[in-house]
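For reference, the structure discussed in these notes is given below.
Laboratory data are not the source of any read-out in this text; all were calculated from the coordinates shown. Just so it is clear, the model here is predicted, and its values are computed rather than measured. Cβ coordinates were reconstructed from backbone atoms using ideal geometry, including for glycine residues, and neighbour counts include every protein chain displayed.
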């Protein structure tokens with residue numbers, strides 16, 4: 001039996017809409033990353049981009065568990081001595097909620113050209129308005145208990 005390798009003509013891409021209001025940050029990110037990779041399809045292949053497009057709305061109304069709002073920090077370096085900058089998650093969520101969710105999802109995708117190609121299929125919006133209305137994205141409810149855990 002030959003191994004099935006999906007060709008670009010075999011891949012049917014769909015558009016999904018995810019409402020992040022009241023959802024847990026990490027669970028949304030992990031499930032969206034799985035959809036972008038195509039792990040929800042029977043033709044999933046690790047070295048091929050078989051994933052779908054995902055539009056996330058209400059990124060500013062996402063929820064973090066525990067004390068992460070004040071204890072979680074994002075770091076970046078300017079390249080100069082003493083140039084380490086840190087931003088608390090509370091400030092980042094107030095200023096750029098799209099960036100926080102996008103960065104979390106991109107961190108769960110493969111590194112390199114394949115991961116960058118998958119990341120281009122992600123759209124994140126702070127409010128409930130989005131541009132991709134013409135694509136008629138299908139609203140999906142994400143599993144609140146990621147990976148079958150208890151809640």
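Note the angle between two axes, namely the Cα long axis of helix 97-107 and the longest principal axis of the Cα atoms of the chain, as a number of degrees from 0 to 90, rounded to the nearest 10.
The two axes meet at around 50 degrees.
Starting from the 7 Å offset along Cα-to-Cβ, what nm value, one decimal, do you get for the label separation of residue 70 and residue 116?
So the two model labels end up 4.0 nm from each other.
Considering the chain as a Gaussian network with a 10 Å cut-off on Cα pairs, which listed residue, 133, 105, 24, attains the greatest mean-square fluctuation?
133
Here are several values of Cα extents along the principal axes in Å: [x] 57, 36, 36; [y] 38, 37, 36; [z] 55, 44, 25. Which one was derived from the coordinates shown?
The value matching this structure is [x].
Under 1.5 on a/c is rounded, so check that first for the range 57-112, then, if it is not, pick prolate when a/b is larger than b/c and oblate when it is not; a ≥ b ≥ c are the square roots of the alpha carbon gyration tensor eigenvalues.
Oblate.
Using a Gaussian network model on the chain with a 10 Å cutoff between Cα atoms, which of 13, 27, 123 fluctuates the most?
13
Taking square-rooted eigenvalues a ≥ b ≥ c of the alpha carbon gyration tensor, is the range 1-45 rounded, prolate or oblate, where a/c under 1.5 means rounded and, failing that, a/b exceeding b/c means prolate?
Taking the square roots of the gyration eigenvalues as a ≥ b ≥ c, the range 1-45 is prolate.
Starting from the Cα gyration tensor of the range 19-91, take the square roots of the eigenvalues, sort them a ≥ b ≥ c, and report rounded, prolate or oblate (rounded when a/c is under 1.5, otherwise prolate if a/b is larger than b/c, else oblate).
oblate
Can you give the FRET efficiency to the nearest 0.05 for residue 132 and residue 85, using r as the Cβ-Cβ distance and R₀ = 30 Å?
0.35
How far is helix 25-37 tilted, in degrees, relative to the longest principal axis of the Cα atoms in the chain, given as a value from 0 to 90 rounded to the nearest 10?
That helix lies at roughly 30 degrees to the long axis.
Over the chain, what is the percentage of antiparallel beta bridges among all DSSP beta bridges, to the nearest 5?
Roughly 30 percent of the DSSP beta bridges within the chain come out antiparallel.
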